[in-house]
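The values are calculated or read from the model by the stated rules, or taken from the named source; none is laboratory data. Quick caveat, the model's predicted, so the values are computed rather than measured. Because the Cβ atoms are built from the backbone with ideal geometry, glycine has one as well, and the counts that use them run over all protein chains shown. With ligands, DNA and RNA removed, areas are computed over all heavy atoms of the protein, side chains included. Shrake-Rupley method; radii C 1.70, N 1.55, O 1.52, S 1.80 Å.
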Amino acid sequence: MAVAVPAQAQHRTSGSTLPAVMPRAETPVLHDDDDAGGNADADDPAIWRNTAAPGRSLVVATAKEGGLRVYDLDARLVQSIAAPPAAGEDDAPGRFNNVDLVHGLRLASGRTDLAVTSDRGHDRLRFYRIDRDRAGGPLTDVTDPAAPPVFSQDQAEINDQRTAYGLATWTDPATGKSYALVSRRERTSIALLELIPATGGKVTYRKIRTLDLPSAFRLPDGTSWSPCAEPDELPQVEGMVVDPANGTLYAGQEDVGIWRLRADLTGRPKLVDKVREYGVPGVYDEETEECTLGADPGYGGTRIAADVEGLTLLTESGGDGYLLASSQGDNTFAAYDRELEDANEYEGGLRVAPAGSALDGSEECDGAAALNAPLGSKYPNGLLVVQDGHDAPGDGDRPATNFKFVDLGKVMDALDD
């Protein structure tokens, strides 16, 4: 949805003074234009480390109606998996929104690593076993055909597409049980799903509980505020990540800010930081399908500009490290202290800038993934993968997206300076 941003907010969304890091590689471009032959849109990545041969690790990424893409560390395509077809002629097709990993889930065939993705089109989770050396490609679909919808009661409700959207996985070290946390499109709901082995080496899930984040907020002047949106749309969550050290879930409510809460969805959520546009009134115009924002009352944050999108952890030993958030509104990334004792204090930010005319940076980033572990000679200091919402130089007027690969050592240097 287009938004007319007031001058005050525009002034406050400049990231030009932040340090820049440059990508080392980019994946092949994806186009989302049916008329021109494209039907794929890069969205969210995850990094799988091959412990036996780190240089042969993989990046698994969603392409929405284009399904899943798997890349090697040279950003070359290894495997493409189509999203499932529509259930019926007039039903929504499969659409893979976000992806995360589960390590060592116990199945009938033994422990295995899984890629888990939210299928927004069918309101379900999909599961793919990872086997780097499998002849047909490293991913194999192991989704239980009987896996239920996450939020919807029937196919008609699925077709409304208030369905599974953002995704983060979590394994509770106390019980060994693995979970997925799934947000709902155009709603504030987050569901906790336990991942369960099914017959024949398949995987399913059961819902444990749900939690609804606020959709309206009391401002310091005593008024109530909700982000401007289409009628009956609530401020949704997409980017999510769980800190495995303490079971803390961070959830990006796109037009509001970053929440911190327990991954088991108990307790009271805390708003860690607000987007700059927090509290700015707006009016939705149904004819233009745009929001026109009013004067900025100054109640928002200073580090992230709506939408707040991909969240990822840059972990270090001893509990150190950062929560990294995509500030989509100004094409930057904001870093917060990972340690709860430091109240997730803001630690700085950065931009992913062009490395040259043929290798651009990241704009309007949807998803991000970081892994602070050696990945062979290509990335001995680890890897950051970010989505680029506007690949350049592109192909004329065709929408073009892909993923950028960044040396994580350069990122840590930029944040530590």
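Tabulated values for the structure
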| item | result |
| --- | --- |
| Complete set of residues in the range 212-258 that are modelled with pLDDT under 95 and either of a type in the set (F, W, Y) or in a strand (DSSP E or B) (or both) | none |
| Filtered residues of the range 159-180 (kept if β-branched (V, I, T), within 28 Å of P85 (Cβ to Cβ) and not in a strand (DSSP E or B)) | T163 |
| Scan of the range 393-417 for residues that are farther than 17 Å from L311 by Cβ, at pLDDT 95 or above and not in a strand (DSSP E or B), ordered by number | G409, K410, M412, D413, A414 |
| Unique match (being modelled with pLDDT under 95, acidic (D, E) and open to solvent by 20 Å² or more (accessible area, probe 1.4 Å)) among D131, D90, D74, D141 | D90 |
| Residue count, the range 297-338 (criterion: open to solvent by less than 50 Å² (accessible area, probe 1.4 Å) and among the charged types (D, E, K, R)) | 5 |
| Cβ-Cβ under 9 Å pairs, at least 6 apart or on other chains, the range 37-50 side among the aromatic types (F, W, Y), far side open to solvent by 10 Å² or more (accessible area, probe 1.4 Å) | W48/L101; W48/H103; W48/D113; W48/I130; W48/R132; W48/L371 |
| Flag for A82 being open to solvent by 20 Å² or more (accessible area, probe 1.4 Å), in contact (Cβ under 8 Å) with a residue 40 or more places away in the chain and farther than 22 Å from A25 by Cα | no |
| Only one of V352, V280 that is over 20 Å from L18 (Cα atoms) and open to solvent by less than 10 Å² (accessible area, probe 1.4 Å) | V280 |
| Selection count where residues are buried (at least 18 other Cβ atoms within 10 Å of the Cβ), hydrophobic (A, V, I, L, M, F, W, C) and not in a strand (DSSP E or B), scope the range 30-49 | 2 |
| Scan of the range 198-236 for residues that are open to solvent by less than 80 Å² (accessible area, probe 1.4 Å), in contact (Cβ under 8 Å) with a residue 40 or more places away in the chain and under 17 Å from G294 (Cβ atoms), ordered by number | F217, L219, W225, P227, C228, A229 |
| Count of the range 181-197 residues which are surrounded by fewer than 24 Cβ atoms within 10 Å (Cβ to Cβ), touching a residue at least 24 places away in the same chain (Cβ under 8 Å) and in a strand (DSSP E or B) | 5 |
| Answer from V272, V280 - the residue that is β-branched (V, I, T), at pLDDT 95 or above and more than 29 Å from K177 (Cα to Cα) | V280 |
